[in-house]
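Let me begin by presenting the structure, written as structure tokens, before commenting on it.
The values are calculated or read from the model by the stated rules, or taken from the named source; none is laboratory data. Quantities reported herein were computed from a predicted structural model and do not represent experimental measurements. Backbone-built Cβ (ideal geometry, glycine too); neighbour counts: all protein chains shown.
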Amino acid sequence: MLSRGVEEQASFASLAARQTLRACDAYRLVVGCELVAAVRALRQRGLRPEPELPVGRALETAESVLDADPADRALTDDVTAAAALPDRFTDIWSGSTA
């Protein structure tokens with residue numbers, strides 16, 4: 001952009017970085033909700049993936065922090081715990097052979 005014949009430097013990088021961090025926090029919350037729903041559904045159906053597969057290890061990790069109570073209740077604590085799990089899942093996937 002030009003103003004009085006002088007080019008202005010208007011970097012929006014810091015704004016973009018802040019917005020990206022906000023989006024990442026929102027994404028973690030969505031992943032936490034989906035994870036809680038998936039674990040509850042697998043428990044209700046009595047389904048267990050093979051424990052040697054990454055998805056089986058991910059389920060074990062999720063179950064270690066999620067309440068096993070299947071009752072209809074507020075899931076805020078479970079979602080909060082599940083939203084912190086993606087960092088632990090990277091260890092599961094990076095250690096596997098695909």
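Filtering Ala58, Ala41 for residues that are in a helix (DSSP H, G or I) and farther than 21 Å from Cys24 by Cα leaves a single hit, Ala41. Under the condition of being modelled with pLDDT of 90 or more, touching a Gly at 6+ places or on another chain (Cβ under 9 Å) and surrounded by fewer than 17 Cβ atoms within 10 Å (Cβ to Cβ), the residues counted in the range 71-92 number 2. Here is a check on your reading of the model: is Ala17 at negative phi and at pLDDT 95 or above? No, not satisfied.
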